[in-house]
Structures are given as C-alpha cells and as structure tokens.
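Presented below is the structure to which this report refers.
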Amino acid sequence: MPDTLPAPVLSVVIPLLDESGNVQPLIDEISAALRGYAPVGDAFEIVCVDDGSVDSTAAEVLAARQGTPQVRLIKHPQRLGMSAALRNGIRRARAPWVLTIDGDRQNDPADAPRLLDLAWNKGRDRKILVAGIRVNRRDTLGKRLASRFANKIRKSLLNDNCPDTGCSLKLFPRDSYLELPFFSGLHRFMPALLKLYGHECVFTPVNDRPRELGVSKSDFVGRAVRGAYDLFGVIWLMRHTPAPERGEEAV
C-alpha cells in the first residue's frame, strides 16, 4: 500500500472466481461504506484473491487500484476453492481484524459498519466472531431449501447456534482465524470451531441481494456430499483437538 495511507485497522478479504463486471462496483461499495465509518476511514485494505479466473477478473482488480490504492491482488494460477482463497487472503492481510465478503455482490457492504460496531464496542482485543445471517434470501428455491436443511443438521450436531453458516459476511480477529486447523470447507464451520476456542459468536441479520452479473459456482449435489463428509470430520476434530491456550510469559 502507498506510504501516504495509514496502517490498516481492517482487512476486507474477497474471494473471486470469474466475477468480471462485479469487481469495480463491489470495491466502490466497500470503499464508500468504510470511508463513511469514522473508526476506519481510510485505514483499510481490500485483499482480492483471484482463485484461478479465466475472465478479466484479475485485470479489473488491478484497474480498480487506480482509484482505490488500498486494493491488493493475490492471484492463484489455478482454482483452489473458497477455503483456500480465504486462507491465503487472510494470511496476507496486514490488519488485526478481517472482514470477509463474497465477490458476487450478494452480500451488502453497507452492513459492514454494523458488524464492526457489534465487535468493536466490546473492545478490539475481544475474542469474537460476528457473522451475518441473510434475510429475504434471493437465491433459487432449491438452493434455499438445501441450505436450510444443511444448516439444521449442522446446528443439531455441532451446537453452534448459527442459522446460516453459508453467509460469507463475517468479522473476526485475524490471529483467531490463523489458530484454527485448516481444511477445505473451514469457512462453513468457523462458528463451531471459534466457539470451541473460547470465542463469543454474535449473529446479526444482513441484506441479501440478487446476483446481477455472472453465474453461481455452486455445485449443490457435490457440496452436499462434501459437506456431510466435512461435518463428521469436524465432529471428530472438536472431540480430539483441545482449544489452544496462549499462556503467559514467565519472567
């Protein structure tokens, strides 16, 4: 980032896969929402992770830097999946707090200040996850029913009390995320794992918008099979992995 910009207090991480046409409008919306929020102002960065796109997504990210110098680009040479894209973006993030948001513009950046208030009003050293819960879902009926069924099963087995773990709009401390064991699908189990690791989990309604450009990358059947496999893996993990204790230095 240019030396004239303040050190970021918030990193916005966006996984992108063939989202040509959505990049510039999304970056403009994020910038407007954060610059209008006094505790952040210009002290933010937008980390765009191009997960092997074959369209002009990467070029549009670089072009967006002309008007928003807080933008950064991380480019995967091939598709690695959303969990890996988020992981690499968060690892490269420079701020102590991370906000994740989808690249398809269905999440509304105008909700970001409310998530920040819910976390930061309790103290910026707080171990907390603030996760959005989509209201007035704009997805297809099949996708909504599948999501509802999956969330119900997951809640009953993991006791994470999260009614919509598929919403990408989440806010959390960067260090807390990096303490979690990494696996494909991690982003859908963050409430359960962070709760296990002693974090408070707060859920708040957020806006859900229809996709205007591009196409969904979801494979419902494949995701259901992988989700069931991951679910039992997470149950095993929660039973066999104690939460880390950072300890105190003895002088």
Return yes or no: is G123 closer than 17 Å to R174 by Cα, of a type outside the set (D, E) and without any contact (Cβ under 8 Å) to a residue 24 or more places away in the chain? yes
Give A146, A95 a once-over and let me know the one that is of a type in the set (A, V, I, L, M) and at pLDDT below 95. A146
Checking the structure you have, find out if any residue of region 192-210 is within 15 Å of C167 (Cβ to Cβ), modelled with pLDDT under 75, within 20 Å of the chain's Cα centre (by Cα) and in a loop (DSSP other than H, G, I, E, B). no
Against the conditions (1) surrounded by fewer than 18 Cβ atoms within 10 Å (Cβ to Cβ); (2) among the basic types (K, R); (3) at pLDDT 90 or above; (4) outside any strand (DSSP E or B), where does K155 fall short? Just the number, please. (3)
Name the pairs whose Cβ atoms lie under 8 Å apart, with the first residue in region 21-46 and in contact (Cβ under 8 Å) with a residue 60 or more places away in the chain and more than 20 Å from I90 (Cβ to Cβ), the second in a loop (DSSP other than H, G, I, E, B) and basic (K, R), and 6 or more positions between them or separate chains? N22/R105; P25/R105; E29/R105
Check off (1) farther than 27 Å from H199 by Cβ; (2) within 16 Å of the chain's Cα centre (by Cα); (3) acidic (D, E) for D111 and give me the number that stays unchecked. (1)
Inspect region 236-249 for any residue being modelled with pLDDT under 85 and in contact with a Gly (Cβ under 8 Å, 6 or more places away or on another chain) and give the result as yes or no. yes
Please enumerate the residues belonging to region 108-132 that are out of contact with any helix residue (DSSP H, G or I) (no Cβ under 9 Å at 6 or more places or on another chain) and under 29 Å from S20 (Cβ atoms). L115
Which numbered condition trips up L73, out of (1) at pLDDT below 95; (2) touching a strand residue (DSSP E or B) at 6+ places or on another chain (Cβ under 7 Å)? (1)
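The values are calculated or read from the model by the stated rules, or taken from the named source; none is laboratory data. Here the structure is a predicted model, which is why all the values come from computation and not from measurement. Neighbour counts are summed over all protein chains in view; Cβ atoms, including those assigned to glycine, are modelled from backbone coordinates with ideal geometry.
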